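The values are calculated or read from the model by the stated rules, or taken from the named source; none is laboratory data. What you see is a predicted model, and the numbers here were worked out from it, not measured in a lab. Here the Cβ is made from the backbone with ideal geometry for all residues, glycine too, and neighbour counts use every protein chain on show. Heads up: the accessible areas ignore ligands, DNA and RNA and are worked out on the full protein's heavy atoms, side chains in. Shrake-Rupley method; radii C 1.70, N 1.55, O 1.52, S 1.80 Å.
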Amino acid sequence: RSPAKRYEKGKGRITFEDVAGMENAKRELNEMVDYLKDPAKFTRVGATVPKGVLLVGPPGTGKTLLAKAVAGEANVPFFAISGSEFIQMFVGVGASRVRDMFRTAKEHSPCVIFIDEIDAVGRMRGAGYGGGSDEREQTLNQILSEMDGFQPTETVIVMAATNRPDVLDAALLRPGRFDRHITVDRPTWKGRLEILKVHTRNKPLSDQVDLERVARNMVGMSGAELKNLCNEAALLAVRSGRNKVEQIDFDRAADRVRLGAMREEPFND
Ligand code: ATP
């Protein structure tokens with residue numbers, strides 16, 4: 001069984017170019033990319049690069065994409081696991097999966113580990129909610145001890161994502177663990193425009209399409225929802241027997257995507 005989803009070097013490589021907007025996050029992560037590319041540059045001067053990065057933001061805002069892009073920029077392997085996978089595992093299984101993943105990662109150093117939904121395992125211990133199961137605590141303890149156990153020669157960046165930083169166990173956030181935090185918010189209208197441009201790159205648009213208008217109208221939409229919007233618009237164009245996407249397709253798609261999104265959560269801006 002494979003310990004984690006794994007993406008090979010080079011194949012389907014995602015880079016910062018695929019991540020629209022998020023300039024601050026990319027700037028902050030550049031140092032990690034540099035470190036992955038040339039760790040000696042840092043160790044020579046005795047600098048310790050933070051190994052753990054916590055990406056904080058609502059669902060669908062591109063946290064996973066950003067983590068993949070860090071690996072892609074440095075052209076190193078990417079190992080991913082989700083905190084929610086550990087729910088309902090037998091005691092000890094989660095911890096051993098974490099151990100396996102870190103072991104494999106160290107063998108492939110330099111590389112990136114990504115733990116999505118870390119709050120599913122990383123909730124405050126003994127806090128009552130989540131049941132405070134032994135399994136979850138063991139998994140969390142294993143993550144903590146792995147974070148402390150890197151050798152200076154092991155160049156592994158561990159990125160984790162959450163939309164609930166408030167529930168995380170303080171031990172996860174201590175220096176040397178996830179001590180660098182990057183906020184990934186829903187995009188502004190300009191960010192939305194950039195995301196729309198990325199996701200219409202390979203779609204023929206009619207000259208009448210006004211992406212700026214689409215971006216301004218899509219208040220509150222995440223990157224994932226905007227990607228979905230572009231795809232829905234393209235599907236509507238095909239259904240209408242056209243080979244170019246028109247403004248009307250975006251307008252209709254917007255209604256559908258909005259309805260879908262509303263069912264999940266109310267907009268807050
Ligand atoms: P979750 O917390 O639900 O896992 P996430 O924040 O990790 O969400 P992703 O899975 O990275 O979000 O985003 C889903 C998809 O939305 C991405 O694969 C990408 O196609 C698109 N997307 C999100 N944000 C951006 C962005 N800034 N630029 C381009 N595409 C984006």
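Summary of computed values
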read-out: Residues satisfying the stated conditions in the range 236-250, i.e. open to solvent by 20 Å² or more (accessible area, probe 1.4 Å) and among the small types (G, A, S); value: S240, G241
read-out: Residues that are of a type in the set (A, V, I, L, M, F, W, C) and either surrounded by fewer than 19 Cβ atoms within 10 Å (Cβ to Cβ) or modelled with pLDDT under 95 (or both), drawn from the range 220-235; value: M221, A224, L235
read-out: Those residues of the range 86-118 which are crowded, with 19+ Cβ neighbours inside 10 Å and in a helix (DSSP H, G or I), in sequence order; value: F86, G94, A95, R97, V98, M101, F102, A105
read-out: Residue, farthest from the chain's Cα centre (by Cα), within the range 68-84, restricted to residues that are under 12 Å from I118 (Cβ atoms) and in a helix (DSSP H, G or I); value: S84
read-out: Answer residue from the range 50-60, given it is touching a helix residue (DSSP H, G or I) at 6+ places or on another chain (Cβ under 6 Å) and within 19 Å of I14 (Cα to Cα) and is nearest to the ligand (Cβ to nearest atom) among those; value: G60
read-out: Within the range 87-127, tally of residues that are out of contact with any Gly (no Cβ under 8 Å at 6 or more places or on another chain), modelled with pLDDT of 85 or more and within 20 Å of D166 (Cα to Cα); value: 1
read-out: Meets criteria (open to solvent by 80 Å² or more (accessible area, probe 1.4 Å) and either closer than 30 Å to D38 by Cβ or away from the ligand (no atom under 11 Å from the Cβ) (or both)) for R213; value: yes
read-out: Hits in the range 175-191 - residues which are within 9 Å of the ligand (Cβ to nearest atom) and part of a helix (DSSP H, G or I); value: G191
read-out: Selection from the range 165-174 of residues that are assigned to a loop (DSSP other than H, G, I, E, B) and open to solvent by 60 Å² or more (accessible area, probe 1.4 Å); value: R174
read-out: Exclusive hit being closer than 22 Å to D148 by Cβ and within 16 Å of the ligand (Cβ to nearest atom), set A47, A95, A71, A67; value: A67
read-out: Residue satisfying all of: in the range 23-55; open to solvent by 30 Å² or more (accessible area, probe 1.4 Å) and β-branched (V, I, T); farthest from the chain's Cα centre (by Cα) among these; value: V45
